[in-house]
Amino acid sequence: MVVLLAVFSVCALSLGTPYVPPYRLVAAVLEGDTTLAGIVVSELRVPRLLLALVAGACLGAAGLVLQEALRNPLAVPEMLGVSSGAALGVAAPLVLAFSLPAAVQPLLAIGGAALGGGLTLLVAGIGRSPSAVLLTGAAVAAALQAALLVLMVMADQLDLQLIYRYLLGSLSARTWDDVTGLWPWLLVAVPALVLCAPVLSVLRLGDEDAEALGVRAQRARLAALAVAVVLIAPVTAVCGPVAWVGFLAPHLSRWFDPAAGAVRWLPWSAAWGAVVVVVADVPARLVLAPVETPAGAWTALLGVPAGVALMRSGGRRRAAAWRTPAASAGVREQLSGPRRTASGVADEVPPAGAPHHAHRGEPGPGGPTSPPLGTIRTEDVR
């Protein structure tokens, strides 16, 4: 991951028109180079690279939050109406000719994303199965995309080109203002994400087990959706819905560490999301130069087949990880210890090599033993 990130970061800063050799990048960034190459690097390519890193990290983390909260590896923002709702909230004022400041666009995106995700959970029912939520989310996303198509029909030619490029997810012509506009939202989302991570591990056990451990599953799932919305909506407001990063990044983190949990997967998912967007933005800018293609087209083209392959192989890797000697020893240690019965009394489980009468409470060679728990004796009946 580090090698990929370093190589493609240098490519993102060096390649293009004008070409800047790698040894001149430090001077162009830090020493205030006033040449054309220095201005292009410091004012266009560096903010674009930082935006790709931040956007990919937010989308990767949000994808893992949704997948763990809904217990479904296919639960991604594109399938739950979150990304489509955020895009609708940003595109509608543009087509309807509402003049709004740029600072309001993240708020519109958050409102649209909350509307799409909340409508999905409301229609599907929060307590229903993850499959029902996913199918309902696909229907809600399709309805929101239909509304976007209606807006595109209403738009004039100039607005249509802008909306089309925006809906595919593009990092073109992004500046420092776009990068600095994301930091206030990150200051809210990152602490909430840290607090949400342990709860995700509990939600993986199922609603009944989570309730038994003191976690209110419905409220926790709504909180996870709120965290995902705060992560996705500001990024979508700036660069559009960069598709399927939230699907690929969590599966990459699980594939490299299949035996871990949500707490360990979360930072790796954010890091892999950043790598995916940076890697996709380089061909998006250079393959058809001087024409730029949207980065979201490349993430969708490469992310979906790669994510499906990782999901299929990741299940086998997790099964193999649980069959390791260390995991088996841990299971045997838990089974050989005292277990707690419904009455609260510790019931010592006899070892595997114990005589047969030790398992049934029957008298052994040395004399009678106490009856097993739950046995009703004659003298106890009155």
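Couple of notes before you dig in:
- For the peptides 7-18, 290-301, 57-68, residues were scored by their other Cβ atoms within 10 Å and the scores averaged per peptide; the highest-first order is 57-68, 290-301, 7-18.
- Local electrostatic count, Leu13, Cβ distance below 14 Å [Lys/Arg +1, Asp/Glu -1]: +1
- Where a label projected 7 Å from the Cα of Val153 along Cα→Cβ would reach, residues of segment 84-124 with amide N under 19 Å: 88-89, 91-97
- Cα shape, segment 166-325, gyration tensor, a/c 1.5 rule: oblate
- Using equal-weight Cα scatterers in the Debye expression, the normalised intensity of segment 137-189 in log10 at q = 0.17, 0.23, 0.31 Å⁻¹ is -0.78, -0.92, -1.07.
- Backbone N within segment 43-67 under 18 Å of label point (7 Å from Ala102 Cα along the Cβ vector): 43-55
- Extension gain for Ala6 to Arg219 (0.36 nm times residue separation, less C-alpha to C-alpha distance): 72.6 nm.
- Cα-based shape type of segment 1-68, given that a ≥ b ≥ c are square roots of the gyration tensor eigenvalues and the cut on a/c is 1.5: prolate
- Reported value for segment 249-300: 61 Å³ per residue, from the convex hull of its C-alpha atoms.
- Rough spin-label spacing in nm, given labels placed 7 Å along Cα→Cβ, for Tyr164 and Thr34: 4.2
- Using θ = phi - 60° and Karplus 6.51 cos²θ - 1.76 cosθ + 1.60, couplings along segment 85-96 (whole Hz; Gly, Pro as x): x, 5, 5, 5, x, 7, 6, 4, x, 5, 6, 7
- One quarter of the convex hull surface built on the alpha carbon atoms of segment 211-283 amounts to 6.1 nm², the projected area averaged over directions.
- Cα-based shape type of segment 84-182, given that a ≥ b ≥ c are square roots of the gyration tensor eigenvalues and the cut on a/c is 1.5: prolate
- You can think of it this way: the chain between Trp176 and Arg264 has 28.5 nm of extra reach, that is 0.36 nm per residue less the Cα-Cα gap.
- Cβ-based net charge around Leu64, under 14 Å, with every Lys or Arg adding one and every Asp or Glu removing one: +2
Only the coordinates and a few stated rules stand behind these numbers; no lab work does. Just so you know, these numbers come straight off a predicted model, no measurement behind them. Note that each Cβ is placed from the backbone with ideal geometry, even for glycine, and that neighbours are counted across all protein chains shown.
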